[in-house]
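Written out below as structure tokens is the structure these notes cover.
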Amino acid sequence: MQKYILRRILLVIPTLWLVISILFLVLNALPGDYVTIKLSNLEASGATKIEAEIVGNLEVERTLHRVVGGDSVATIAANYGATVDEILAVNPNLEADSQLRPGSTIIVIDGQLLSSISRTSRLALPEDTDSGIALLQERNPDVEFGTFAGQLFAPAEVTLTLRESTSLRELAEVNRVAPEDYLNVNQQGTPANEDGELTVDTPLYPGDTYISPTREITEASIKNQLGIDKPLGRQYVEYLWDTIRFQFRPSFQTNEPSMDIFLRSLPRTLHLNAYALIVAVIVALPVGILSAMRQDQALDYGLRGFAIMALAAPSFWIATMLIFVVSPGGIFERGIWSIPLTDESARSIFTSVNGFFALYTIPAVAGGIAAGAGLMRITRSELLEVLRQDYVRTAWSKGLRERAVIRRHALRNALVPVLSVFGLQLAALVGGNIILEVLFNIPGVGLMLLQRLYQADIPVIQTAVFFLALFVIIVNIVIDISYALIDPRIRYT
């Protein structure tokens, strides 16, 4: 058994690799221009351009840390990669065991790291801070730079020369935009291009005002954020490595971490589908067993007809009919209860039990009946097959009661295929209740995926699909292992 479980777990690795590879290829092969969608969304929201000024000098300030609860000199030093002695050297009023008051500030560096100045002043790309540090040293030969935690810093109250001049080409490079984007927004008559002779290499001096396109709405920036400005092979390797480390790219629509977006929507989907699966099991097993025990009788025909109708009727139609039944102004004038579609607390059983059942009962019943109908039919057919076996006839011949024969001898053996179908239903429900989530304003994974597909928010889609695939794989492993628990004839070697 242990060897089988280990083999199945090891099989997850190539399976996930295949899923990740297919997802990468499919998303890259989809028609449509994601960059154009992003640009149009941002332009529609008014995010087009901003006015900026060439900064030539910077007065260096101290680097401070605002104390929060639980901070100590040791934790602050560790957070900044320094030693306690380095922190105490710039804070003579502190001792190693000093109690820090939340809300107060302490000095971390008596100045600013050159790497930080390079990033904030955009002297170089964030991943190329060494170039920015070298430029600061070259342009400030008279400044004596100190060292903090192995990094160079400029002393406080020193004025650093950042640049004596620059050009649109240089600005474009460090802001990850195309030089043409700057020319497009600095038309003739604007401060930097009053005579219409501005080019990407025209010198701009400290104090000059120019128009800067916001980095989010330029094609080059969006392609870099999506990682599609590199060769396809390198994109695949980086995407594979990021996925293995769970380092998913942020949403390129909102810049919010993709993992946070997925985890925020997941609890609502789990609430809905756990409730729906409970309904499905409550419907499927008793009805399936009863139908098999009364084969070809009126009750059997009625239950089979119910199952066929439940399979044929879409879950959203069932939900719509149930809304009409329970809501005020429907069949009953005062209704049975009111559905809290806009109540945020009702979306979790942990914040409002009554609100949870009022909101989730109808979609759970609608989804559970649809899933339970399929389980009911497979339960009936498998139980009938088992009831024809010789060992069941032997149990009957011993004079055992019908309930004992079903419960002790027939049901466990009939549940193996039922469990397989149940696993498929469980995997399908997690991402399959999109219409119910839309209908009842439940912001779960399905609704989130639908919205992100409309926005072509590729990083979020990749994150959600990866975890859904991982969930399906785990469910299948658990179902396989549970076969041996249900049927003692099954042994894994």
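The values are calculated or read from the model by the stated rules, or taken from the named source; none is laboratory data. No experiment lies behind these values; they were computed from the predicted model shown. Please note: Cβ atoms are built from the backbone with ideal geometry, for glycine as well, and neighbour counts cover all protein chains shown. Surface accessibility is based on the protein's heavy atoms, side chains included, excluding ligands, DNA and RNA. Shrake-Rupley method; radii C 1.70, N 1.55, O 1.52, S 1.80 Å.
Brief remarks on what is shown
- Between segment 237-276 and segment 459-474, the alpha-carbon center distance in angstrom: 8 Å
- About the centre of its Cα atoms, segment 121-178 shows a dipole size close to 240 debye [charges on the beta carbon of Lys, Arg (+1) and Asp, Glu (-1) only; nearest 20 debye].
- Amide hydrogen neighbours beyond the local backbone of Phe153, cut-off 5 Å, H modeled: Leu114, Gly146, Thr147, Phe148
- Under 12 Å, Cβ to Cβ, from Gln137 - net charge with Lys/Arg +1 and Asp/Glu -1: -3
- Positive-end ranking of Val200, Leu6, Ile378 along the dipole of the chain, with charges on Cβ about the Cα centre, is headed by Ile378.
- Solvent-accessible surface (1.4 angstrom probe) belonging to Ile461, in square angstrom, nearest 10: 10 Å²
- For Cα extents along the principal axes in Å, computed directly from the structure shown, the correct entry in (1) 72, 44, 39; (2) 79, 50, 40; (3) 104, 58, 52 is (3).
- Of Thr15, Thr463, the order by accessible heavy-atom surface (1.4 Å probe, DNA, RNA and ligands excluded), from most exposed downward, is Thr15, Thr463.
- Rounded to the nearest Hz, the phi-derived 3J(HN,Hα) couplings of segment 339-344 under the Karplus curve 6.51 cos²θ - 1.76 cosθ + 1.60 (θ = phi - 60°) are 8, x, 5, 10, 7, 5, where x marks glycine and proline.
- Around the Cα centre of the chain, unit charges on the Cβ atoms of Lys, Arg, Asp and Glu (plus for the first two, minus for the last two) sum to a dipole of about 4700 debye.
- Accessible-area ranking of Tyr454, Tyr360, largest first, probe 1.4 Å: Tyr454, Tyr360
- Along segment 50-65 the Karplus relation, 6.51 cos²θ - 1.76 cosθ + 1.60 evaluated at θ = phi - 60°, assigns HN-Hα couplings of 9, 8, 9, 9, 6, 9, x, 10, 9, 8, 6, 10, 6, 8, 10, 10 Hz to successive residues, with x for each Gly and Pro.
- Using alpha-carbon coordinates, inclination of helix 458-486 to the longest axis of the chain, degrees: 30 degrees
- Tyr80 contributes about 80 Å² of solvent-accessible surface, heavy atoms of the protein only, 1.4 Å probe.
- As a fraction of the 1.4 Å probe accessible area of segment 296-404, surface on carbon and sulfur atoms comes out at 62 percent.
- In order along segment 433-442, the Karplus-derived 3J(HN,Hα) couplings, from 6.51 cos²θ - 1.76 cosθ + 1.60 at θ = phi - 60°, round to 9, 4, 5, 5, 5, 5, 5, 10, 6, 9 Hz, and Gly and Pro are given as x.
- Per-residue SASA entry for Asp260, accessible area with 1.4 Å probe, Å² rounded to 10: 80 Å²
- Remark: segment 356-479 projects, on average over all directions, an area of 9.8 nm² (convex hull of Cα atoms).
- Ordering Met448, Tyr239, Val73 by Cα displacement along the dipole of the chain toward the positive end leaves Met448 in first place; charges were set at the Cβ atoms of Lys, Arg (+1) and Asp, Glu (-1).
- Neighbourhood net charge (13 Å Cβ-Cβ; Lys/Arg +1, Asp/Glu -1) for Ile20: -1
- Proximal charge balance of Asn433 [Cβ under 15 Å; K/R count +1, D/E count -1]: +1
- Once C-alpha pairs closer than 8 Å and six or more residues apart are averaged by separation and normalised to the residue number of the chain, the relative contact order reads 16 percent.
- The chain - mean residue ellipticity at 222 nm from DSSP helices (-39,500 (n - 2.57) per run, n ≥ 4, rounded to 500): -18500 deg cm²/dmol
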